[in-house]
Amino acid sequence: MFLMGSAPGPETVINGKRCLYFGGTGYFGLHGHPAVIRAGIAAFRHGTHAATTRSGFGNNSALLDVERKLAAFFGTAEAVYYASGYLNGLFLAQGHARAFDVAFVDEAAHYSIRDGVAAAGKRAVGYKHLDPADLGRKLKGSLGRGWSPAVFTDGVFPTFGEIAPLPDLLEALRPYGGILCLDDAHGVGVLGENGRGTLEHFGIAPSLKISMAGTLSKAFGGHGGFIPGPASLIRRIRREVGAYAGSMPAPTPIAAASAKGIDLVASHPEWRAALRANVRRAKAGLRKLGLAADDTPVPVIAWTLGSAAEMKRVQRALLDRGIAVACLKYAGAPAGGVLRVTIFSTHTPDDIDRLIDELGRIL
Ligand SMILES: Cc1ncc(COP(=O)(O)O)c(C=O)c1O
């Protein structure tokens, strides 16, 4: 087990030792940002949370602030904020429950989607990972007369960092009507000119038929899941999703810290440019080592290198040299797991070059 002894950032204390850190998903280094921490501490004067749900007395200015800022960030009429990004699939599936009969789910989709669709009581049909042609076949073969489909996919897949082929998925879905639901936990803040995520990356506008959910726990340096969208959808979610009606909202200091994170990402588009430059540098260097890396702006790169034991060896050897990368078994990973590197806007070019140099020596 590893023990993290500081806020995650380009340098992070792991097992008591300061390391160059290429793990986790703090893409803009905001989890330890002084303004984020100050906002959280100041909000403690309102208590840990309201100790009641939001359908009663449980609203407070921190929660409403997050939702207002999310709607402005994503350019939607409204947004709903809840305690965890893991609930994204459940909120999407229950929020749209009346609009579809069968869920068509990418086979490498995150737990949030798989568990959420199941908890919403919907039949799920898997389609091959990133494969619109297979989606088309599954739609054709699985829909009864008058049934409506919903396609569920991650926007950016967390293990290998692939971007879902949204235009082609929408094209496969078009003859059947239906809706597209996106868990964009890793796309929001990072992809698109304004950081609105995978939809913006492809120039697709959200609508009643195209919904996305995100999390504040990664690029935004806070915590909690959210769905930006039209007022009618958000109203329905507040009314009909059990996890909204029946559980406490995000803790107040976390909401306040998250609101500050949204402000910071909104007012620093140059961080996205810095992240992209770092991703380009890292991927180019990794390719020179013979490691596969696509050319998207996604700051997640992973490989299966031989056996699980071999990947552990590489991870340990890097740690001995003061560099931390992840070795993980996660949604979409093969049984032996992957070695995964994540890049931040706050890494320096030297940090990235050191990772490449050391990896080159170890491999
Ligand atoms: C695709 C995806 N969805 C949802 C989540 C859950 O978000 P959170 O950790 O903010 O609950 C994660 C990762 O943590 C993820 O990778």
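Laboratory data are not the source of any read-out in this text; all were calculated from the coordinates shown. Here the structure is a predicted model, which is why all the values come from computation and not from measurement. Cβ placement follows ideal geometry from the backbone for every residue including glycine, while neighbour counts extend to all protein chains displayed.
Note on Lys140: lysines with a C-alpha under 23 Å away, same-chain residues under 8 apart excluded, are Lys122, Lys128, Lys209. For Lys69, a cut-off of 12 angstrom between C-alpha atoms picks up these aspartates and glutamates, skipping any fewer than 8 places away in its own chain: Glu78, Asp263.
Scanning residues 5 or more positions from Val102 or on other chains, those with amide H under 5 Å from its amide H are Ser148, Ala150, with H placed 1.01 Å from N in the peptide plane. Each residue of region 330-335 was assigned a 3J(HN,Hα) from its phi angle through the Karplus curve 6.51 cos²θ - 1.76 cosθ + 1.60 (θ = phi - 60°); the sequence is 8, 3, x, 8, x, 4 Hz, with glycine and proline shown as x.
Proximity of backbone amide H atoms, modeled 1.01 Å from N, is registered between Met212 and Leu182 at under 5 Å, excluding neighbours fewer than 5 places apart on the same chain.
Helical content of the chain, expressed as a calculated mean residue ellipticity at 222 nm, amounts to -12000 deg cm²/dmol (DSSP H runs of 4 or more residues, -39,500 (n - 2.57) each, divided by residue number, nearest 500). Distant-in-sequence amide contacts of Glu78, defined by a placed amide H-H separation under 5 Å and a gap of 5 or more residues or a different chain, comprise Gly229, Ala231. When you restrict to C-alpha pairs under 8 Å that are six or more residues apart and normalise by the size of region 170-266, the relative contact order lands at 22 percent.
Only Lys, Arg, Asp and Glu carry charge here, each on its Cβ (+1 for the first two, -1 for the last two); on that basis the chain has a dipole of about 520 debye about its Cα centre. With θ taken as phi - 60° and the Karplus curve 6.51 cos²θ - 1.76 cosθ + 1.60 applied, the whole-hertz 3J(HN,Hα) list for region 54-64 is 6, 6, x, 8, x, 7, 9, 5, 5, 5, 5 Hz, x standing for glycine and proline. Residue by residue, region 39-49 carries 3J(HN,Hα) couplings of 4, x, 4, 4, 6, 4, 5, 8, x, 5, 7 Hz when phi is fed to the Karplus relation 6.51 cos²θ - 1.76 cosθ + 1.60 (θ = phi - 60°); x denotes Gly or Pro. Here the relative contact order of the chain, from alpha carbon pairs under 8 Å that lie six or more residues apart, stands at 24 percent. Taking square-rooted eigenvalues a ≥ b ≥ c of the alpha carbon gyration tensor, is the chain rounded, prolate or oblate, where a/c under 1.5 means rounded and, failing that, a/b exceeding b/c means prolate? Because a/c hits 1.5 or more and a/b fails to exceed b/c, the chain counts as oblate.
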